[in-house]
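Each remark here refers to the structure printed beneath this line.
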Amino acid sequence: MTDPLTSSPAPRSAAAGCPVHPGAVPLGGLEYQQHPDRLYRKLRQEHGSVAPVLLDGGIPAWLVLGYSEVHFVTSHDELFARDSRRWNAWDSIPADWPLLPFVGYQPSVLFTEGAEHHRRAGVISDALEGVDQFELEARCRQIADVLIDRFVGSGAADLKADFAHPLAMRAAVQMCGMPVSGTDTDELVDDLRMSLDAAEGEDPVAAYGRVGARIQQLVKDRRARPAADVTSRMLTDPAGLSDEEIVQDLISVIAAAQQPTANWIGNTLRLLLTDDRFALDLSGGRLSVGEALNEVLWLDTPTQNFIGRWAVRDTQLGGRQIREGDCLVLGLAGANTDPQIWPEGHLGAAANSAHLSFSNGEHRCPYPAPLLADVIARTAIDALLERLPDIVLTVEPEELTWRPSVWMRGLTALPVQFTPAPLSS
């Protein structure tokens, strides 16, 4: 047998190694997509900090909900590794399984381990460190002004489709050397969205293939004509990554920078526009925006769940017997709201940044990516509130709906109205 996305052999057979766990709960459903906290609460009550769940198609996995348990898993690569070829369920996975873009082994930094992971992650970190944060802020403000100018005179907008999503997209692709706009860029972003969070009738596997083809062309272009961007710095890094390695790692960088950042912006704007604690100080700007950004990472983190880790050997976690090759889903949202770390129920009250929204350990979001995402999100929101200080929702807060995904946390739309204003000078 071979892994569906590579010619490398999968190590074990699901038929013998991966029975459905007793009491397993489907990780999905309309109610839980809109109110995932209800699912996490139910799972904690019934199963504790490590719960048996069923992925698409009834594929069994473990959802790690406890803060300390997620921290432990991500801190012990020797027990819970990233190479998905370890999975004992490959015999049960169809070729068109919608989660293949997440788990199908690719020669990317996401699936490397040990010294190879250090090498690949180091190239990404070095390339990202070359991004001047002041220049990034200036570019994001320019992008924000261009986008706001498109709707500023109308008095109404959908801040998700008209602002948060295109701003994060333009910032991400510009850092990597793609044109800020154009057919190739627009289609790349749509395929990235589809591969991460496909709607009904969409093909995430095909979309992921198109993403790879476009990034391959970008690497080829930058190999011939280097520039001051992340792709060019990766190509000239002394580690000497191959073009194939750079293509795979750039997909990870762009995907992580684009949709999660867009949802971070959208979720934070929702909080600012619906919570009285922030509404009184919107025009004041920076302090309340910073608090809102941090609170969203605790309570409405853009990446709710991440798949995954695979058990290197039989072990125990949270009182559960984990078999070699079992798949573990990191419940980042569940861990951030773990009652064990919020004494007296003061959920979300802390101003610290000990959340797990950027994961933890060797495979966490590489430095300085979280700082760059913060620059993008904070600049976007500041620019919007400065230009449109009287912005309000056009629907009741409870009418806002979330995209139907247990993986990403983002609104379907964020409709607002405001006093029409002049174009930027």
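With the requirement that a residue be among the polar types (S, T, N, Q), in a strand (DSSP E or B) and in contact with a Leu (Cβ under 9 Å, 6 or more places away or on another chain), what does the range 293-319 give you? Quick ask: steps written out before the conclusion?
From the range 293-319, those among the polar types (S, T, N, Q) are 294, 301, 303-305, 315-316; that's our starting set.
Then drop every residue that is not in a strand (DSSP E or B), which leaves 303, 315-316.
Selection gives 303, 315.
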Find the helices (runs of 4 or more DSSP H) located wholly in the range 42-153 whose residues include 2 or more that are without any contact (Cβ under 8 Å) to a residue 12 or more places away in the chain and farther than 24 Å from residue 356 by Cβ, and list them.
114-129, 133-151
For the range 109-126 the number of residues that are among the charged types (D, E, K, R) and crowded, with 21+ Cβ neighbours inside 10 Å is 1
Mind checking which residues of the range 252-272 are open to solvent by less than 20 Å² (accessible area, probe 1.4 Å) and not aliphatic (A, V, I, L, M)?
258, 259, 261, 263, 264, 266, 267, 268
For residue 319, which of the numbered conditions (1) touching a Phe, Trp or Tyr at 6+ places or on another chain (Cβ under 8 Å); (2) more than 24 Å from residue 91 (Cβ to Cβ) fails to hold?
(1)
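Filter the range 70-92 for residues that are of a type in the set (Ser, Thr, Tyr) and closer than 24 Å to residue 334 by Cβ; which is surrounded by the most Cβ atoms within 10 Å (Cβ to Cβ)? Give the steps one after another, and end with the answer.
Taking the range 70-92 as the starting set, the residues that turn out to be of a type in the set (Ser, Thr, Tyr) are 74-75, 84, 92.
Next, from what is left, pick out any that are closer than 24 Å to residue 334 by Cβ: 74-75, 84.
On the way: 74: 22, 75: 13, 84: 24.
Residue satisfying both the conditions and the ranking: 84.
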The range 378-425, subset within 17 Å of residue 146 (Cβ to Cβ) and part of a loop (DSSP other than H, G, I, E, B), residue modelled with the highest pLDDT
388
Under the condition of being of a type outside the set (Val, Ile, Thr) and farther than 15 Å from residue 188 by Cα, which residue from the range 242-251 is surrounded by the fewest Cβ atoms within 10 Å (Cβ to Cβ)?
242
Going residue by residue through the range 127-138, is there one that turns out to be open to solvent by less than 10 Å² (accessible area, probe 1.4 Å) and over 30 Å from residue 386 (Cβ atoms)?
yes
Given (1) out of contact with any Lys or Arg (no Cβ under 7 Å at 6 or more places or on another chain); (2) surrounded by fewer than 19 Cβ atoms within 10 Å (Cβ to Cβ); (3) farther than 30 Å from residue 299 by Cα, number of the condition residue 239 does not satisfy
(1)
The lone condition residue 28 fails out of (1) under 22 Å from residue 326 (Cβ atoms); (2) assigned to a helix (DSSP H, G or I) is (2)
Hey, does the range 172-184 have a residue that's at pLDDT below 85, within 23 Å of residue 127 (Cβ to Cβ) and either crowded, with 22+ Cβ neighbours inside 10 Å or of a type in the set (D, E, K, R) (or both)?
yes
Inside the range 320-358, can you point out the residues that are open to solvent by 60 Å² or more (accessible area, probe 1.4 Å), modelled with pLDDT under 95 and either in a loop (DSSP other than H, G, I, E, B) or among the hydroxyl-bearing types (Ser, Thr, Tyr) (or both)?
346, 347, 349, 351, 352, 353
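Within the range 359-399, restricting attention to residues that are free of Cβ contacts under 8 Å to residues at least 60 places away in the same chain and open to solvent by 30 Å² or more (accessible area, probe 1.4 Å), which residue is farthest from residue 309 (Cα to Cα)? Outline the logic, then answer.
Going residue by residue through the range 359-399, those that are free of Cβ contacts under 8 Å to residues at least 60 places away in the same chain are 370, 390, 395-396, 398-399.
Those left that are additionally open to solvent by 30 Å² or more (accessible area, probe 1.4 Å): 390, 395-396, 398-399.
Details: 390: 45, 395: 40, 396: 40, 398: 35, 399: 36 Å.
Top of the filtered list is 390.
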Criterion first (of a type in the set (Asp, Glu), over 30 Å from residue 341 (Cβ atoms) and in contact (Cβ under 8 Å) with a residue 40 or more places away in the chain) does residue 158 satisfy it?
yes
Going through 213, 168, 161 one at a time, which residue ends up being out of contact with any strand residue (DSSP E or B) (no Cβ under 7 Å at 6 or more places or on another chain), more than 16 Å from residue 254 (Cβ to Cβ) and either modelled with pLDDT under 95 or surrounded by fewer than 18 Cβ atoms within 10 Å (Cβ to Cβ) (or both)?
161
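If the requirement is being among the hydrophobic types (A, V, I, L, M, F, W, C) and buried (at least 21 other Cβ atoms within 10 Å of the Cβ), which of these qualifies: 144, 95?
On the way: 95 fails: buried (at least 21 other Cβ atoms within 10 Å of the Cβ).
None of the others qualify; the one that does is 144.
The values are calculated or read from the model by the stated rules, or taken from the named source; none is laboratory data. Here the structure is a predicted model, which is why all the values come from computation and not from measurement. We place every Cβ from the backbone using ideal geometry, glycine too, and count neighbours over all the protein chains shown. Surface accessibility is based on the protein's heavy atoms, side chains included, excluding ligands, DNA and RNA. Shrake-Rupley method; radii C 1.70, N 1.55, O 1.52, S 1.80 Å.
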